[in-house]
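Each remark here refers to the structure printed beneath this line.
The values are calculated or read from the model by the stated rules, or taken from the named source; none is laboratory data. Because the structure is a prediction, the values reported are computed rather than measured. Neighbour counts are summed over all protein chains in view; Cβ atoms, including those assigned to glycine, are modelled from backbone coordinates with ideal geometry.
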Amino acid sequence: MSLRESIAANIVTTLQAMSSPVAASYVTREPFDFEKLSNAQYPAILVETASEGREDATIGSASTQRHGTINYRLTGFVKAANIDTARNELIESIEEALDADRTRGGFAVDTQVTTIETDEGAIDPIGGIILTVSVLYQFTRGTT
């Protein structure tokens, strides 16, 4: 499995195990229609690989070391009486879970939540969030 895939799998496993202040009921990398989820499947999180930037860390060698920063888009959905509170609790849970091991099980150098957006009530009675998670990792050219 590539480093990129190992990092994505670690994010999913980490989010599936989070519990405080809220546990996710459904975490997947496969797109889904949030309007077709049962109430028991909320909160739900879709993990998608987004953009990536790369640069050389060493030059002039057959085994060039490179750095990559992968952005993952985590789209979360909540359904509750107080949607804003539910969104905030899901954001906090995701951040706390990801911060527990910023190396993604040793596959990465660092992990950071870099942006947080909400649906601002556009999909009421469901609430939505989008977190961009940037993961810095190092690899040898030709081995990712």
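Below, the figures for the structure above:
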| read-out | value |
| --- | --- |
| Residue in the range 51-67 that is touching a Phe, Trp or Tyr at 6+ places or on another chain (Cβ under 7 Å) and under 20 Å from residue 109 (Cβ atoms) present | yes |
| Residue 134 buried (at least 16 other Cβ atoms within 10 Å of the Cβ) and in contact with an Asp or Glu (Cβ under 9 Å, 6 or more places away or on another chain) | yes |
| Residue that is farthest from residue 32 (Cα to Cα) [pool: residues in the range 96-131 that are among the hydroxyl-bearing types (Ser, Thr, Tyr) and surrounded by 13 or more Cβ atoms within 10 Å (Cβ to Cβ)] | 103 |
| Complete set of residues in the range 32-60 that are part of a strand (DSSP E or B) and surrounded by 11 or more Cβ atoms within 10 Å (Cβ to Cβ) | 44, 45, 46, 47, 48, 49, 50, 51, 52, 53, 54, 56 |
| Subset of the range 102-134 (residues that are among the acidic types (Asp, Glu), modelled with pLDDT of 95 or more and closer than 21 Å to residue 77 by Cα) | 117, 119 |
| Conditions (1) crowded, with 18+ Cβ neighbours inside 10 Å; (2) assigned to a helix (DSSP H, G or I): number failed by residue 80 | (2) |
| Qualifying residues in the range 1-19 (those that are assigned to a helix (DSSP H, G or I) and small (Gly, Ala, Ser)) - the one surrounded by the fewest Cβ atoms within 10 Å (Cβ to Cβ) | 17 |
| Selected residue (criterion: nearest to residue 88 (Cα to Cα)) from residues of the range 98-123 that are hydroxyl-bearing (Ser, Thr, Tyr) and assigned to a strand (DSSP E or B) | 118 |
| Matching option when the condition is in contact with a Ser or Thr (Cβ under 8 Å, 6 or more places away or on another chain), buried (at least 16 other Cβ atoms within 10 Å of the Cβ) and touching a residue at least 60 places away in the same chain (Cβ under 8 Å), among 63, 93 | 93 |
